[in-house]
Protein chains: 4
Amino acid sequence: MPEQTPAAAAPQPSAKSCLQYVVCYGDTDMMGVVYYANYLVLFERARTKLLQDLGFPYRKMEAQGFALPILEAHADYRAPATYEDVLELWAWVEWIKGARLKVCCEVRRDGRLLVSGHTVHACMRIADKRPVRVIPELIACCPQCVAE
Amino acid sequence: MPEQTPAAAAPQPSAKSCLQYVVCYGDTDMMGVVYYANYLVLFERARTKLLQDLGFPYRKMEAQGFALPILEAHADYRAPATYEDVLELWAWVEWIKGARLKVCCEVRRDGRLLVSGHTVHACMRIADKRPVRVIPELIACCPQCVAE
Amino acid sequence: MPEQTPAAAAPQPSAKSCLQYVVCYGDTDMMGVVYYANYLVLFERARTKLLQDLGFPYRKMEAQGFALPILEAHADYRAPATYEDVLELWAWVEWIKGARLKVCCEVRRDGRLLVSGHTVHACMRIADKRPVRVIPELIACCPQCVAE
Amino acid sequence: MPEQTPAAAAPQPSAKSCLQYVVCYGDTDMMGVVYYANYLVLFERARTKLLQDLGFPYRKMEAQGFALPILEAHADYRAPATYEDVLELWAWVEWIKGARLKVCCEVRRDGRLLVSGHTVHACMRIADKRPVRVIPELIACCPQCVAE
């Protein structure tokens, strides 16, 4: 039986990044818990930390003329967080495909998963607001995430 | 050929509710457009208006001891909005199933769809924080949304 | 008795602008009332409406190359507002002096004063971020506000 | 010369508390800098840390039935902060008088003062929403702040 050409490697998520966050009063709503939209802000904090940990801070990317506008955001709420809770904000790159990438996020307290979700981003050249393939500097930070 | 028992009617979305909203400076971010998390706040404004239009304001529901905590939120971003834009915020009940209901939302400007999304809610008794079947007062407001 | 040179007219506040606003869940905090920082967002909404009413929208000012960065903000909290409250947001120009202007704001419910406050702004040329005398187009909208 | 009866000690500010904070995208506005209302959220973060450092976290105070609603807030803006800036948030109790206390806050970057301000709080019994003298547990944390 002839040897098979190895299939293209499936994309592997990047290393996970983690950030601690203390819930403030302004994060809560009259139900006494963190307001649902504020988790997307926490996801953004986690992504900022992720890019810093990957060695390619978002500010540096913008300085080079590229941005990562959000195409899609999703959150699943399992348990609430409240004032003064110390949260762990996790994020990792799930995949990179052409001009898009997906970042997954988790919000945990003492390890327990409270909220999970993701964002899908386009890679965009700021000058003309056109989508471009995810730039090599970012791919170089997480080569195992690239599909195909 | 025997007559068939008519199939259970498929759920139909409720009437759509619409609200006008003017983007403020605080809604924007340094990209010059509305920050992605703020659309979930706009979805909430649209839902509040929807429940008022259906004749069962959320404040009344809470006064009766029930809440609609969010299990899932999703947004698809197609085009950006910016400062002083006049937006139309649309919302409708997509379905009601047991202890859950789904609300769809759209953010439009001059009719053009900018962001669409949805939230899935549990119906919860506040006293013991237990899920309960969606309460009859709410079902009565949109009977055609109920599945089975 | 010799005629007196008339004293320089004291500055008079501009006409007041008013905007209706419905409190959303995201505006509240776990105390069950509107979070204190969010009133500054309401002040901004009131200022945006004020400039529109004066015939010189802020977006137009920015398009002409000028901005009104905030030097000082103040709020006095008298009574709380809560979810679904319908608020009236009032604003008026208190004075214009050289490169500065002061805007006063009030948040009312059914006429009752809940929060009052003000902001002091510089007039700034965006190109070089330098302060400049309040531009004639804005002065023309409220000539009675100019001191001296 | 007879010894003088020592005058009542003037109130002395408490020890200063400091917290690091990284600016996120959602904190900024289309001017490219932190939106002015968000500094009041940073002040709140600084106050939360202050009460923790004083040994009397706000959550504990609420659990004992007392709250510190805000009567007045003020901010002076000297220089802007932007995305990914690492800020130092300072806070201290300036004085305690009867049922009121004043907290001062500063936001700095690399030691440079960007924004300063303060809040004045009432001490309130949650059960009946009545003002009460600042509770002994809090006074015990900063006895030198008490006037008279």
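Some points to look at:
- Listing of the range C:13-34 residues, each with accessible area lower by at least 10 Å² in the full protein assembly than in the chain alone (probe 1.4 Å): C:21, C:22, C:24, C:25, C:26, C:28, C:29, C:30, C:31, C:32
- Farthest toward positive dipole pole in chain A [+1 Lys/Arg, -1 Asp/Glu at C-beta], among A:30, A:111, A:135: A:135
- Cα Rg, Dmax, the range B:61-147, angstrom units: 15.3, 44
- Subset of C:129/D:16; C:60/C:129; C:16/C:97; B:16/C:16; A:97/C:60; A:129/C:60 violating a 29 Å alpha-carbon distance limit: C:129/D:16; B:16/C:16; A:97/C:60
- Pairs of Cα atoms farther than 49 Å apart, the protein assembly as shown, %: 16
- Distances, shortest first, from the label point of residue D:129 to those at the same position in the other copies read 2.5, 4.5, 4.7 nm; the point lies 7 Å along Cα to C-beta.
- Three principal axis lengths of chain A [C-alpha, angstrom, descending]: 62, 48, 24
- Loss of accessible area when D meets B, both sides summed, Å² nearest 100, probe 1.4 Å: 900
- Residues listed by number, the range D:41-71, amide nitrogen under 20 Å from residue D:128 label point at 7 Å toward C-beta: D:62-69
- Ascending distances from the residue C:63 label point to its copies in the other chains, with the point 7 Å along the Cα-to-beta-carbon line: 3.4, 4.5, 5.7 nm.
- Shielding of D:141-147 by partner chains, average beta-carbon count, 10 Å: 0
- Rounded accessible area of residue B:90 (nearest 10 Å², 1.4 Å probe): 80
- Spin-label model, residue B:63/residue D:147: points 7 Å from Cα along the beta carbon direction are separated by 4.2 nm.
- Using the Karplus relation 6.51 cos²θ - 1.76 cosθ + 1.60 with θ = phi - 60°, the per-residue 3J(HN,Hα) values for the range D:102-118 come to 10, 10, 9, 9, 9, 10, 10, 10, 6, x, 7, 6, 9, 9, 10, x, 7 Hz, with x marking Gly and Pro.
- The residues of the range C:78-92 occluded by other protein chains by 50 Å² or more of accessible area, set against the chain on its own, are C:83, C:84; surface from heavy atoms, 1.4 Å probe.
- Rolling a 1.4 Å probe over the heavy atoms of the protein chains gives the protein assembly as shown an accessible area of 46 Å² per residue.
- Taking amide H as placed 1.01 Å from N in the peptide plane, the amide H of residue D:114 sits under 5 Å from that of D:107, D:108, D:109, each at least 5 places away or on another chain.
- The HN-Hα couplings worked out from phi for the range A:75-83 by the Karplus form 6.51 cos²θ - 1.76 cosθ + 1.60 (θ = phi - 60°) are 9, 10, 9, 9, 8, x, 10, 9, 3 Hz, whole numbers, x standing for Gly and Pro.
- Surface composition of the range D:17-145: carbon plus sulfur atoms hold 53% of the accessible area, using a 1.4 angstrom probe and ignoring ligands, DNA and RNA.
- Summary of the geometry: the range A:39-107 and the range A:130-148, compared by the centres of their Cα atoms, lie 16 Å apart.
- Using a probe of 1.4 Å on the protein chains alone, the accessible area found for residue D:104 is around 20 Å².
- Shortest-first nm distances, residue D:32 label point to equivalent points in other copies (7 Å, Cα→Cβ): 1.1, 4.6, 4.6
- Take the Cα of residue D:9, step 7 Å toward its Cβ, do the same at residue C:135, and the gap between the two points is 5.5 nm.
- Angle of helix B:38-53 to the longest C-alpha principal axis of chain B, folded into 0 to 90 degrees and rounded to 10: 50°.
- The figure for residue A:34 is an accessible area of roughly 10 square angstrom, using a 1.4 Å probe on the protein chains alone.
The values are calculated or read from the model by the stated rules, or taken from the named source; none is laboratory data. From a predicted model like this one, the values you see are computed outputs, not experimental measurements. Every residue, glycine among them, receives a Cβ derived from its backbone with ideal geometry; neighbour counts consider all protein chains shown. Accessible surface is based on the protein model in full, side chains and every heavy atom, while ligands, DNA and RNA are left aside. Shrake-Rupley method; radii C 1.70, N 1.55, O 1.52, S 1.80 Å.
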